[in-house]
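The values are calculated or read from the model by the stated rules, or taken from the named source; none is laboratory data. Note that the structure is a prediction, hence the values are computed from the model and not measured. Counting neighbours? That spans all protein chains shown, and the Cβs are built from the backbone with ideal geometry, glycine included. Note: accessible area is taken over every heavy atom of the protein model, side chains too, but ligands, DNA and RNA are not part of it. Shrake-Rupley method; radii C 1.70, N 1.55, O 1.52, S 1.80 Å.
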Amino acid sequence: MLITDWTNNNGVTFDAPVFAIGDVHGQAQALTRMLTHLETLPGATDGELIFLGDLIDRGPDTLGAVAAAFGARARWRAVTQLPGNHELMLLAALEGHQDTRMLWLANGGMDVIEEIDTERKMTLDEATEALRARLPADWVQTYAEGPTHLRRGRDGRALFIHAGIHPRRTLEETLAMPRRDRGDDHWAWIRQPFLGWPEGWAHLGLDLVIHGHTPATTQPLDDPREAAELLDVVEAFGCICLDAGAMRRPQVAAVEFRGDRHRLHIAEAPGTFL
């Protein structure tokens, strides 16, 4: 387990502990190790746990990752699962949108189908329905009706969201985009100009954005200083990126907020590296 030094929140203060976990992409072992670690921290489970989306697809155990995340509800005071673009693609696929199902399959969904249909004897329709049956009973409701973002910290100056926000649009305009929409400026899909925006977020009523979606690295992280430099860009961009490259390797990142400080935690699957 890699843990960085405490650093400041760019002016945001949290009155209770808040934790967020970034992209998991089926890395169930790394996620389980992360949850086990976080739950040993003083008062952690009396705080709030936020998943930033993309629990699913590409990795070896999507069903295990989903089960671990949903299972955390039994141990934490408050757990919120925000939708990532991968959950939104699967949601549309389960609703019968064939074009989106093909997009989902091409972006890691086929790995999930192979978990369900290990002998490859099902049709896609059969495998999709079998997947629906294996997901938690409230999976669809969670991602179809639950929150798409959270504002936390005093005065709501910290935003938790999957991919990011558009710096040249009002925050309300960006956050109002329907979850089933897609596009380069959508809160579940955006990369630029969000990632390279150097002027901060005060004009949108924010001081800090916590997000995933775009990997800060796809290499193993074995140095706390390197992890902080890659994922914690609060000083330069007012952001913390919690995508530590789970799409490529069994490595999951989390942030811990207490008061006016935060630190990062990086978990790897047992027996891989670190």
Enumeration of residues in the stretch 130-181 that are under 18 Å from Glu87 (Cα atoms), out of contact with any Lys or Arg (no Cβ under 9 Å at 6 or more places or on another chain) and assigned to a strand (DSSP E or B): Leu150
Among residues of the stretch 62-77, those that are in a loop (DSSP other than H, G, I, E, B) and open to solvent by 20 Å² or more (accessible area, probe 1.4 Å), counted: 2
Hits in the stretch 249-274 (condition: of a type in the set (Lys, Arg) and either at pLDDT below 95 or touching an Asp or Glu at 6+ places or on another chain (Cβ under 9 Å) (or both)): Arg249, Arg263
Subset of the stretch 224-274 (residues that are open to solvent by less than 50 Å² (accessible area, probe 1.4 Å) and among the β-branched types (Val, Ile, Thr)): Val233, Val234, Ile240, Val252, Val255, Ile266
Given (1) in a strand (DSSP E or B); (2) under 23 Å from Thr36 (Cβ atoms); (3) among the aliphatic types (A, V, I, L, M), number of the condition Ala246 does not satisfy: (1)
Residue within the stretch 56-72 that is under 22 Å from Arg151 (Cβ atoms), more than 13 Å from the chain's Cα centre (by Cα) and aromatic (Phe, Trp, Tyr) present: no
Odd one out for Leu208 among (1) of a type outside the set (Phe, Trp, Tyr); (2) within 20 Å of the chain's Cα centre (by Cα); (3) closer than 27 Å to His265 by Cα; (4) open to solvent by 20 Å² or more (accessible area, probe 1.4 Å): (4)
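Restricting to the stretch 13-26, name every residue that is in a loop (DSSP other than H, G, I, E, B) and open to solvent by less than 20 Å² (accessible area, probe 1.4 Å). Write out each step before concluding.
Of the stretch 13-26, the ones in a loop (DSSP other than H, G, I, E, B) are 13, 22-26.
Scanning the stretch 13-26 gives Gly22, Asp23, Val24, His25, Gly26.
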Exclusive hit being touching a residue at least 24 places away in the same chain (Cβ under 8 Å), surrounded by fewer than 24 Cβ atoms within 10 Å (Cβ to Cβ) and outside any helix (DSSP H, G or I), set Thr80, Thr45: Thr80
Filter pass, Ile50 being open to solvent by less than 10 Å² (accessible area, probe 1.4 Å), at pLDDT 95 or above, closer than 17 Å to Arg132 by Cα and not in a helix (DSSP H, G or I): no
Among (1) part of a loop (DSSP other than H, G, I, E, B); (2) within 21 Å of Ala228 (Cα to Cα); (3) open to solvent by less than 20 Å² (accessible area, probe 1.4 Å); (4) of a type outside the set (Phe, Trp, Tyr) - the single one Asn10 does not satisfy: (3)
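Let's see how each residue does on (1) free of Cβ contacts under 8 Å to residues at least 24 places away in the same chain; (2) open to solvent by 20 Å² or more (accessible area, probe 1.4 Å); (3) of a type in the set (Gly, Ala, Ser); (4) over 23 Å from Pro215 (Cα atoms):
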{"residue": "His86", "(1), (2), (3), (4)": "no, no, no, no"}
{"residue": "Leu94", "(1), (2), (3), (4)": "no, no, no, yes"}
{"residue": "Ile113", "(1), (2), (3), (4)": "yes, no, no, yes"}
{"residue": "Lys121", "(1), (2), (3), (4)": "yes, yes, no, yes"}
{"residue": "Pro136", "(1), (2), (3), (4)": "no, yes, no, yes"}
{"residue": "Pro167", "(1), (2), (3), (4)": "no, no, no, no"}
Check on Gly84, over 15 Å from Asp138 (Cα atoms) and touching a Gly at 6+ places or on another chain (Cβ under 6 Å): yes
Close pairs (6 angstrom Cβ cut-off, 6 or more residues apart or separate chains): farther than 17 Å from Leu208 by Cα in the stretch 1-24, open to solvent by 10 Å² or more (accessible area, probe 1.4 Å) and not basic (Lys, Arg) anywhere: Met1/His37; Leu2/Pro224; Thr4/Pro224; Thr4/Ala228
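Looking at Phe237, Phe194, which is the one that is farther than 19 Å from Asn9 by Cβ and out of contact with any helix residue (DSSP H, G or I) (no Cβ under 8 Å at 6 or more places or on another chain)? Break it down into steps so the answer makes sense when it comes.
Working: Phe237 fails: farther than 19 Å from Asn9 by Cβ.
After applying the criteria, what remains is Phe194.
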Those residues of the stretch 208-235 which are at pLDDT below 95 and among the aliphatic types (A, V, I, L, M), in sequence order: none
